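Here is the structure we will look at.
The values are calculated or read from the model by the stated rules, or taken from the named source; none is laboratory data. Model, not experiment: these values are computed from the prediction. In this analysis, Cβ positions are derived from the backbone assuming ideal geometry, glycine residues included, and neighbour counts consider all displayed protein chains.
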Amino acid sequence: MAYKLWIDGEWTEGKGKQRLSVENPATGEKIDEVVNACEADVNDAVAAAKKAFYDGRWSGKTPSERSVVLDKMADLLEARMDELARIEAEDTGKPYEYLCKGVDFPFGIDNLRFSPRLPAILRAATPANTPPASPPSIVETLAA
C-alpha cells in the first residue's frame with residue numbers, strides 16, 4: 001500500500017509526486033512507501049487547517065461536541081491498536097509490547113479522552129466568582 005497525504009479532507013499524491021521508502025530499522029527491509037511532502041503540500045495542509053478552524057467546523061463546536069469527536073478517534077485507535085502498534089514497531093524499532101500494551105498507544109488514547117474534558121473539570125473544581133486567595137498579611141504571619 002502506498003500511503004498518501006491527507007489534506008483538506010482528501011487523500012492526495014502530493015504536488016511533488018515524490019515517494020519515500022520506509023524501512024524497518026532492525027532489518028533494513030522496505031516496509032512501504034509514503035508520499036514525500038514538499039513545501040507546497042505543507043502550505044496546502046496549513047491553509048486547509050486554518051480554513052477548517054476559521055470556518056467554524058472545529059472552533060464553532062462546543063467543548064462537549066469536540067469531546068465526542070475525540071472520543072470517536074480514541075475508540076478507532078483502540079479498536080485497531082494491535083495492528084497500528086505492529087506497524088509502528090516495524091517503522092520505529094520500538095518493542096511491540098511497549099507500544100501496544102505499555103506506554104505509547106494507551107497514553108495517547110487516554111490523552112484523547114482526558115484532555116478535552118479538562119476545562120470542564122477545572123471549572124467544576126473552581127467556585128464561580130470566587131476571588132483568588134490573598135497571601136496572609138504580615139500581621140497574620142507573625143501571629144501564627
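Below are the figures for this structure:
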quantity: Meets criteria (surrounded by 13 or more Cβ atoms within 10 Å (Cβ to Cβ) and hydroxyl-bearing (Ser, Thr, Tyr)) for THR62; calculated: no
quantity: Output for the range 57-80, where each listed residue is farther than 21 Å from ARG123 by Cα and either outside any helix (DSSP H, G or I) or of a type in the set (Lys, Arg) (or both); calculated: ARG57, TRP58, LYS72, ARG80
quantity: Per-region count, the range 1-18, residues within 19 Å of ASP91 (Cβ to Cβ) and either in a strand (DSSP E or B) or at pLDDT 95 or above (or both); calculated: 4
quantity: Test: residue in the range 68-90 that is closer than 22 Å to LYS101 by Cβ, loosely packed, with under 14 Cβ neighbours inside 10 Å, in contact (Cβ under 8 Å) with a residue 60 or more places away in the chain and not charged (D, E, K, R); calculated: no
quantity: Of residues in the range 81-112 being among the basic types (Lys, Arg) and within 24 Å of SER21 (Cα to Cα), the one modelled with the lowest pLDDT; calculated: LYS94
quantity: Condition broken by SER21, with the remaining ones in (1) modelled with pLDDT of 90 or more; (2) among the polar types (S, T, N, Q); (3) in contact with a helix residue (DSSP H, G or I) (Cβ under 8 Å, 6 or more places away or on another chain) satisfied; calculated: (3)
quantity: Test: residue in the range 113-135 that is modelled with pLDDT of 85 or more, outside the structural domain of GLU29 (by TED's automatic domain parsing), surrounded by 12 or more Cβ atoms within 10 Å (Cβ to Cβ) and touching a Leu at 6+ places or on another chain (Cβ under 8 Å); calculated: yes
quantity: Tabulated pairs, the range 49-66, first free of Cβ contacts under 8 Å to residues at least 12 places away in the same chain, second exposed (fewer than 12 other Cβ atoms within 10 Å of the Cβ) and not in a helix (DSSP H, G or I), C-beta under 8 angstrom, 6+ apart or interchain; calculated: PHE53/SER59
